[in-house]
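All remarks here apply to the structure that follows.
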Amino acid sequence: MFTHPLTTWAVDHPWPTAAITAATLAITAALGWLIVHALRQLSLPPGSVVIAGLGAAVCTAYSGDTSWRFAEHRLGMSDADERLAMFAAGELALLACAAMARANKAATSTDEGAGTAGVPGVLVWCITGIQVIPAFAESGFWGGIVRAAFGPVAAGLLWHLAMGLEIRVARPDALSTGLPATIGRELRERLLSRLGLAVRDRTAEQITRDRWTARAVDLAAALAHRQDRGFDWRTARLERRLDRAIGRAQVGASVEQRRALLQSLASRLHSRALPTLDLPSPWEMREPVSPPRPAPVVAYEQLRQMQPLDAVLTAASAHPDLGPDELRQVLFDHGVIVSETQVAIGLRASASAHPRALTGASAAAQPLFAVHATWDGNNAGDAPEDDTDAPDADADADHPDADADRALLPDARRVDQAHRARHHRPAGLRALQTGLRIGQPRAQRMRALLDEEATP
């Protein structure tokens, strides 16, 4: 034999043999360490996935034996080479679809969902169903059950578990988003709801209480509807059943149970009032109601939008007795920067003409933020168009008219009282002119009327 010369040479040359043996052991150890290190660096799937894959491969081979026999006996493939090339078409298609389904499931998985196998996952079960036919054709009914169960059916189940088990291990809380899994979860939830087990994490005692509480509500509602029919054996029977349900529900020993009973019973007894509720139509398009804006905010924004001279006129009409420096300080406090010259011009203009920047009710002796002002859109430098045909409203108002003066007297009295409360003296002609929007002759008549009222 070949080993005898090697043994003879090793005995005749001990030192070279020892060196070769030591080198061989060192190389073997180094290769073993490299192999172990490389295997540790690989991200191998979990052991359960590997075992499921091996089981699926064995079941696929079992199914392949059925396909080999079926190809010879039923498909007429007598040539061994032909059968060798064709018999495993279904098994290869099953393996390809399983691999694609696993890749699709891994690509679509998220932290909350396990992903879906997609079309390849459906094809796995279609191929499995078709491969059941050769099992029954080759082994009859009972033998076909064994061949189908341990062949294509077991292979399809194991491939299904193998392609989804790795994701389940990595993310246990992830839910499968496939159609069968979704239908299964929905049917399970509906069944639990039908059995009265929709609320989870309840003890058996609490489940019994809730069931008898619902029963007591039904009996109490039925008994309430029979109050107008008088007392008979049906009413007596309802009362006995209600007493029993109340005792089993233990509403007297639990505040929460009693509250649930009363609330459910109240909704049942007043259910007939539900159709008569006056509810707004959801089809009506309603504008959202905005809260009214405070007058100080409105006045502040209007002052900021005015020209400086118009702002001076507005402040002078609201504070007719302030001096130039005080008026300028008021405007400065409200965000309007004006010069001394502008204040002087505005005061002279307010003494001879009405400020065009305000329209509305009188504002004498009121704080600046209490003025409900509206800006008329004209710039301070634009002069109003002359209307020679229009009558002079101020001239008409200054003609003596006792009735008109008496009608204006309440406003004059209010302006005078506000002026007295603020300055501790009667309102002057200028204050009456500014507050009532009247000329000097009429202001003199109003002052005379006020003095007559003040005279005892």
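The values are calculated or read from the model by the stated rules, or taken from the named source; none is laboratory data. The structure displayed is predicted, hence computed values, not measured ones. For neighbour counting, all protein chains shown are included, and Cβ atoms are generated from backbone atoms with ideal geometry for every residue, glycine included.
Can you tell me which residue in the range 418-451 is surrounded by the most Cβ atoms within 10 Å (Cβ to Cβ), limited to those that are farther than 18 Å from residue 319 by Cβ and basic (Lys, Arg)? By that ranking, first place goes to 442.
Do we find that residue 74 is at pLDDT below 85 and under 22 Å from residue 151 (Cα atoms) in this structure? Before the answer, list the steps.
Details: at pLDDT below 85: yes; under 22 Å from residue 151 (Cα atoms): yes.
In short, yes.
Just one residue in the set 145, 167, 127 is among the aliphatic types (A, V, I, L, M), assigned by TED's automatic domain parsing to the domain that holds residue 72 and at pLDDT 90 or above; that residue is 145.
Would you pick out the residues in the range 399-417 that are crowded, with 18+ Cβ neighbours inside 10 Å, in contact (Cβ under 8 Å) with a residue 40 or more places away in the chain and not charged (D, E, K, R)?
Pass one, the range 399-417, residues crowded, with 18+ Cβ neighbours inside 10 Å: 408, 411-412, 415-416.
So of that shortlist, the ones also in contact (Cβ under 8 Å) with a residue 40 or more places away in the chain come out as 411, 415.
Residue satisfying the conditions is 415 alone.
Note on the range 421-456: residues that are more than 60 Å from the chain's Cα centre (by Cα) and in a helix (DSSP H, G or I) amount to 19.
Residues that are touching a residue at least 24 places away in the same chain (Cβ under 8 Å) and hydrophobic (A, V, I, L, M, F, W, C) within the range 206-217 comprise 212, 214, 216, 217, listed in sequence order. Among the residues of the range 218-253, those identified as touching a residue at least 12 places away in the same chain (Cβ under 8 Å) and hydrophobic (A, V, I, L, M, F, W, C) are 219, 220, 221, 222, 223, 224, 238, 242, 245, 246, 249, 251. All told, residue 185 meets the bar of being modelled with pLDDT under 85 and not assigned by TED's automatic domain parsing to the domain that holds residue 110. Filter the range 49-73 down to the residues that are in contact with a Pro (Cβ under 7 Å, 6 or more places away or on another chain) and not small (Gly, Ala, Ser), then identify the one that is surrounded by the fewest Cβ atoms within 10 Å (Cβ to Cβ). In this case the residue turns out to be 70.
The helices (runs of 4 or more DSSP H) located wholly in the range 197-276 include none with 3 or more residues which are within 30 Å of residue 187 (Cα to Cα) and at pLDDT below 80.
Could you please find all residues in the range 313-329 being in contact (Cβ under 8 Å) with a residue 24 or more places away in the chain and in a helix (DSSP H, G or I)?
Restricting attention to the range 313-329, the residues satisfying the condition of being in contact (Cβ under 8 Å) with a residue 24 or more places away in the chain are 313-321.
Once the filter is applied, which keeps residues that are in contact (Cβ under 8 Å) with a residue 24 or more places away in the chain and in a helix (DSSP H, G or I), the range 313-329 yields 313, 314, 315, 316, 317, 318.
Can residue 40 be described as basic (Lys, Arg), in a helix (DSSP H, G or I) and farther than 30 Å from residue 140 by Cα? Yes: the conditions hold for residue 40.
Residue by residue, here is whether (1) outside the structural domain of residue 133 (by TED's automatic domain parsing); (2) closer than 20 Å to residue 95 by Cβ holds:
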{"site": "30", "(1), (2)": "yes, no"}
{"site": "40", "(1), (2)": "yes, no"}
{"site": "53", "(1), (2)": "no, yes"}
{"site": "58", "(1), (2)": "no, yes"}
{"site": "67", "(1), (2)": "no, yes"}
{"site": "78", "(1), (2)": "no, no"}
